[in-house]
1. Tell me, which residue of the stretch 244-254 that is in contact (Cβ under 8 Å) with a residue 40 or more places away in the chain and either in a loop (DSSP other than H, G, I, E, B) or open to solvent by 30 Å² or more (accessible area, probe 1.4 Å) (or both) is nearest to ALA144 (Cα to Cα)?
2. Looking at the stretch 1-43 only, could you name the residues that are under 14 Å from GLU95 (Cβ atoms) and charged (D, E, K, R)?
3. Just the residues that are surrounded by fewer than 22 Cβ atoms within 10 Å (Cβ to Cβ) and closer than 18 Å to ARG208 by Cβ, please, taken from the stretch 152-168.
4. Consider LEU58 carefully, then state whether it is surrounded by fewer than 21 Cβ atoms within 10 Å (Cβ to Cβ), touching a residue at least 40 places away in the same chain (Cβ under 8 Å), among the aliphatic types (A, V, I, L, M) and in contact with a Gly (Cβ under 9 Å, 6 or more places away or on another chain).
5. For the stretch 373-410: of the residues being part of a helix (DSSP H, G or I) and among the small types (Gly, Ala, Ser), which is farthest from THR61 (Cα to Cα)?
6. From the list VAL94, VAL11, VAL17, exactly one residue is surrounded by fewer than 20 Cβ atoms within 10 Å (Cβ to Cβ), among the β-branched types (Val, Ile, Thr) and closer than 23 Å to THR381 by Cα. Which is it?
7. Being buried (at least 19 other Cβ atoms within 10 Å of the Cβ), among the hydroxyl-bearing types (Ser, Thr, Tyr) and closer than 17 Å to ILE335 by Cα narrows it down to one of SER273, SER241, SER313, so name that one.
Amino acid sequence: MSGKALDGVRVLDMTHVQSGPSATQLLAWLGADVLKLEAPGGDVTRGQLRDLPGVDSLYFTMLNCNKRSITLNTKTERGKELLTELIRRSDVLVENFGPGALDRMGFPWEHIRELNPRLVYASIKGFGEGPYQDFKAYEVIAQAMGGSMATTGTEDGPPLATGAQIGDSGSGVHTVVGILAALHQRHRTGRGQRVRVAMQHAVLNLCRVKLRDQQRLAHGPLREYPGQAEGDERPEEVPRSANASGGGQPGWAVRCAPGGPNDYVYVIVQPASWAPLCALMGRPELAEDPEWATPQARLPKLDALFRMVEEWSGGLPKWQVLEALNAHNIPCGPILSTKEIIEDASLADDGMIVEVGHPTRGSFRTVGSPVKLSDSPVDVTASPLLGEHNAEVYAGELGLGEDELKSLQKEGVI
């Protein structure tokens, strides 16, 4: 009866690929009316990585659920007029074009603000103002320039990208935070404002603990990292952490039987869990051994510590290792493959893996909303077909006649 959290909020979604669509999909899940505005050819991801011929790809469908779609050629004069009207009727505009694209289209922020002073205008770019601002940005480029890749990988190996899309979807989440804050402030001021998020900045925010460690280097090596022991020469920069937790409690991914690519359990060794862990490993004497009994004693020998754990875990399946560790309240978690995750009944029960019907590709599974509101539950619905809502919006909401709709379609305006 209370409706959705963002009921009544109209979002004009001028985004494409991942960073922008991930933001607007979250807004749609929270109840906003998200109107995805596409060029007549559609978002490029409709055809990218296509697994079935002639239908929208999973890349598109999994980032554009719960939205409506209209097409518009904003390079035409009539297209600009229609865009002007859409801006006037919207609460939020989100775009992730290259720098200056909307300005060249004739819609700089100053003009948009004149058209609709209450509009929240959110832009996602690769980089902030400065020497990088005109660089083309992709997910892994943002990881490279935001601090993630330099600290990911093994000690002597190359920098590695993370599988999590912290550049694209990470910037999308940050954008939603900015939009919601701007909408909240609008209740007090009556004014909209500009929201800007850079992919590099979003990655950097998610890598803040690495900047913490960069400053800690001034006082000695980082003993929580592989190969960093007391007395070692202090490195100039934070090393790659491999699987080390890098936090206050040491952790590592230990191998389990039968030794497949994801037969691992991640284990954290807290002071309180040392004695039961020693018992599980068949080394109870180490619980009182001054060479191992305290965190300070164990810290210089983390490699040897986790080798001992692996000597025990390597002979057992990961679910048995998990059960044994949890029985003693030892922090741990199995390395779950994508197959295990998509088939995890508990994730489905909690609405994190959902099955969605689609008019042309049939049903597909996607990720549900990670944000759970007690009064605004999320029902994930299919992504729209290209231009599916043209008549609904242009005729039903903007008042265009049927003849003009046919003419605009014939002329390539919609």
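The values are calculated or read from the model by the stated rules, or taken from the named source; none is laboratory data. What you are looking at is a predicted structure, and each value in this text was computed from that prediction instead of being measured. In this analysis, Cβ positions are derived from the backbone assuming ideal geometry, glycine residues included, and neighbour counts consider all displayed protein chains. Side chains are part of the model used for accessible areas, which takes the heavy atoms of the whole protein and leaves out ligands, DNA and RNA. Shrake-Rupley method; radii C 1.70, N 1.55, O 1.52, S 1.80 Å.
1. If we take residues in the stretch 244-254 being in contact (Cβ under 8 Å) with a residue 40 or more places away in the chain and either in a loop (DSSP other than H, G, I, E, B) or open to solvent by 30 Å² or more (accessible area, probe 1.4 Å) (or both), then ALA244 is nearest to ALA144 (Cα to Cα).
2. ASP13, LYS36, GLU38, ASP43
3. THR152, THR162, ALA164
4. The answer is no for LEU58.
5. Among residues in the stretch 373-410 that are part of a helix (DSSP H, G or I) and among the small types (Gly, Ala, Ser), the one farthest from THR61 (Cα to Cα) is SER407.
6. Matching residue, one of VAL94, VAL11, VAL17: VAL17.
7. On the way: SER273 fails: closer than 17 Å to ILE335 by Cα; SER241 fails: closer than 17 Å to ILE335 by Cα.
SER313 is the lone residue from the list that is buried (at least 19 other Cβ atoms within 10 Å of the Cβ), among the hydroxyl-bearing types (Ser, Thr, Tyr) and closer than 17 Å to ILE335 by Cα.
The rows are residues; the columns are (1) touching a residue at least 60 places away in the same chain (Cβ under 8 Å); (2) among the small types (Gly, Ala, Ser).
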| site | (1), (2) |
| --- | --- |
| GLY3 | yes, yes |
| ASP7 | no, no |
| GLN18 | yes, no |
| SER22 | yes, yes |
| VAL34 | no, no |
| GLY41 | no, yes |
| LEU49 | no, no |
